[in-house]
Amino acid sequence: MDLHKFIYTLVFVMIFSQAGAFDTLDPTGNITVKWDVMSWTPDGYVAVVTMTNFQMYRHIMSPGWTLGWTWAKKEIIWSMMGAQATDQGDCSKFKINIPHCCKRNPTVVDLLPGVPYNQQIANCCKGGVVSSWGQDPSTAVSSFQVTVGQSGTTNKTVRLPKNFTLFGPGRGYTCSKATIVPPSVFLSADGRRKTQAMMTWNVTCTFSQLLASPSPTCCVSMSSFYNSTITPCPTCACGCQNKNNCVKSDSNIQSVVKGSTPTNDNTPLLLCTQHNCPVRVHWHVKLNYKDYWRVKISITNFNYLVNYTQWTLVVQHPNLNNVTQVFSFDYKPLLPYPSANDSGMFYGMKFFNDILMEAGPDGNVQSELILEKDKNTFTFNQGWAFPRKVYFNGDECMMPPPDEYPYLPNSALANWISLSTLMGALLVLELMVFW
């Protein structure tokens, strides 16, 4: 490779890798991990760790988050509430009081619902499932309490943990260094007294789809009332690596699924399709009215191992600034920039269709939306009626090539001229009869 090609490739990779961690529709989205030291102990401190998901449409689904770090010195975890370390480590040097975890690099997970109240704190014990901020800010928080020993006992001697990692549930998040910030302030229930933490530090974790998966995890297909052709998802839209491990539709599905269990990285067991994606989103231009037009959206799950809880669908389309009505889904506009109003988030209604079931007869959800036409911009020509981008659960879906979109037939204009000519002839004939 010559020097010019090498430089071009290097610059392209650098730009593309950075772009993968920046979402234009959610530019400030991140998960912030906040450590509040609430009190000092003889050999350390008691802290409340709070994870807040500030991402508008990317949530943490089952089997939940996993948070890890490396201690700066020889700290141990005496006890925890609302979460637990996955590995105790070697605590053999302790003879009487045995710590909860002695590992230098502990890994922590949320407790499951239903644990005794004396093991809980506020915002804990949801199995690690955390909503997106755009869906429900009240459930976009997860917390636990940790008692740390063999640490500093003042804000001058405490050393901050380092090398933070977050799995949510798979790879994709990159975490910053811990940074000391002004101590958190807490207001009493009656609002008459303020208290504050002894010390607070923050860690910010951002998501990159390139880091999470080398291939897309969803795809988009299209159809319209004015064209009989259905534009399918591109072949191998989500990669072809699992082509030989899929389940054929005429196989004994139950026997295959029975011996399989979900994994921490949600490795799929897919129905065999030409696109090889766990999820397909279908956009159908259904009807055309004088002042409005109607679209049907269908989401199909081809994964036999995963129920997509609290799923989200984000669509970018210029006419989403004039949504009139949405059936069967909840809808919220996304306004990442003051000048942009072309994106929106769809998600399931609670206790109705907020869970996209495993592949099978119930593995789909669908809705319709009515949009008001802007006479200055509306057209069916050149694929305008189809979305610019589609995201499912925060991952951008593979779109078909633009030249394969359902097109307006060439005869449409001729038919309109013929119809106008016919109406004109009938009018002339009627006038002649009248006279």
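The values are calculated or read from the model by the stated rules, or taken from the named source; none is laboratory data. This structure is a prediction, so every number in the text was calculated from the model and none was measured. Because the Cβ atoms are built from the backbone with ideal geometry, glycine has one as well, and the counts that use them run over all protein chains shown. Just the protein is used for accessible areas: all its heavy atoms, side chains included, with ligands, DNA and RNA removed. Shrake-Rupley method; radii C 1.70, N 1.55, O 1.52, S 1.80 Å.
Restricting the search to region 214-233, which residues are open to solvent by 20 Å² or more (accessible area, probe 1.4 Å), polar (S, T, N, Q) and touching a strand residue (DSSP E or B) at 6+ places or on another chain (Cβ under 6 Å)?
Thr217
When you look at Gly68, is it small (Gly, Ala, Ser), open to solvent by less than 40 Å² (accessible area, probe 1.4 Å) and either assigned to a loop (DSSP other than H, G, I, E, B) or modelled with pLDDT under 95 (or both), yes or no?
No.
Pull up region 162-180, narrow it to residues that are β-branched (Val, Ile, Thr) and without any contact (Cβ under 8 Å) to a residue 40 or more places away in the chain, then point me to the one that is nearest to Leu67 (Cα to Cα).
Filtering first and then ranking leaves Thr179.
Across region 107-131, what is the number of residues that are touching a His at 6+ places or on another chain (Cβ under 9 Å) and assigned to a loop (DSSP other than H, G, I, E, B)?
Residues in region 107-131 being touching a His at 6+ places or on another chain (Cβ under 9 Å) and assigned to a loop (DSSP other than H, G, I, E, B): 2 in total.
Looking at region 38-60, which of its residues are in a loop (DSSP other than H, G, I, E, B) and open to solvent by 30 Å² or more (accessible area, probe 1.4 Å)?
Pro42, Asp43, Phe54, Met56 - these are the residues of region 38-60 that are in a loop (DSSP other than H, G, I, E, B) and open to solvent by 30 Å² or more (accessible area, probe 1.4 Å).
Do we find a residue being within 20 Å of the chain's Cα centre (by Cα), more than 26 Å from Val129 (Cα to Cα) and part of a strand (DSSP E or B) anywhere in region 306-329?
yes
Quick check: anything in region 170-184 touching a helix residue (DSSP H, G or I) at 6+ places or on another chain (Cβ under 9 Å), at positive phi and of a type in the set (Gly, Ala, Ser)?
Yes, region 170-184 contains at least one residue that is touching a helix residue (DSSP H, G or I) at 6+ places or on another chain (Cβ under 9 Å), at positive phi and of a type in the set (Gly, Ala, Ser).
Across region 347-375, what is the number of residues that are surrounded by fewer than 15 Cβ atoms within 10 Å (Cβ to Cβ) and without any contact (Cβ under 8 Å) to a residue 40 or more places away in the chain?
7
Show the residue pairs that are 6+ apart or on different chains and have beta-carbon atoms under 7 Å apart, the first residue being within region 142-161 and under 26 Å from Trp65 (Cβ atoms) and β-branched (Val, Ile, Thr), the second being assigned to a loop (DSSP other than H, G, I, E, B) and open to solvent by less than 10 Å² (accessible area, probe 1.4 Å).
Going by the 7 Å Cβ cut-off, the qualifying pairs are Val148/Glu75; Val158/Gly152.
Name the single residue, out of those in region 23-37 being touching a Ser or Thr at 6+ places or on another chain (Cβ under 8 Å) and in a loop (DSSP other than H, G, I, E, B), that is farthest from Pro318 (Cα to Cα).
Here the residue is Asn30.
Which of the residues that make up region 126-149 are at positive phi and either of a type in the set (Ser, Thr, Tyr) or touching a Phe, Trp or Tyr at 6+ places or on another chain (Cβ under 9 Å) (or both)?
The answer is Gly128, and nothing else.
Do the conditions hold for Pro63, that is, is it buried (at least 18 other Cβ atoms within 10 Å of the Cβ) and either without any contact (Cβ under 8 Å) to a residue 24 or more places away in the chain or in contact with a Pro (Cβ under 6 Å, 6 or more places away or on another chain) (or both)?
Spelling it out, Pro63 is indeed buried (at least 18 other Cβ atoms within 10 Å of the Cβ) and either without any contact (Cβ under 8 Å) to a residue 24 or more places away in the chain or in contact with a Pro (Cβ under 6 Å, 6 or more places away or on another chain) (or both).
Report, by residue number, each residue of region 299-346 that is in contact with an Asp or Glu (Cβ under 8 Å, 6 or more places away or on another chain), among the hydroxyl-bearing types (Ser, Thr, Tyr) and open to solvent by 30 Å² or more (accessible area, probe 1.4 Å).
Result: Thr309, Thr324, Ser328.
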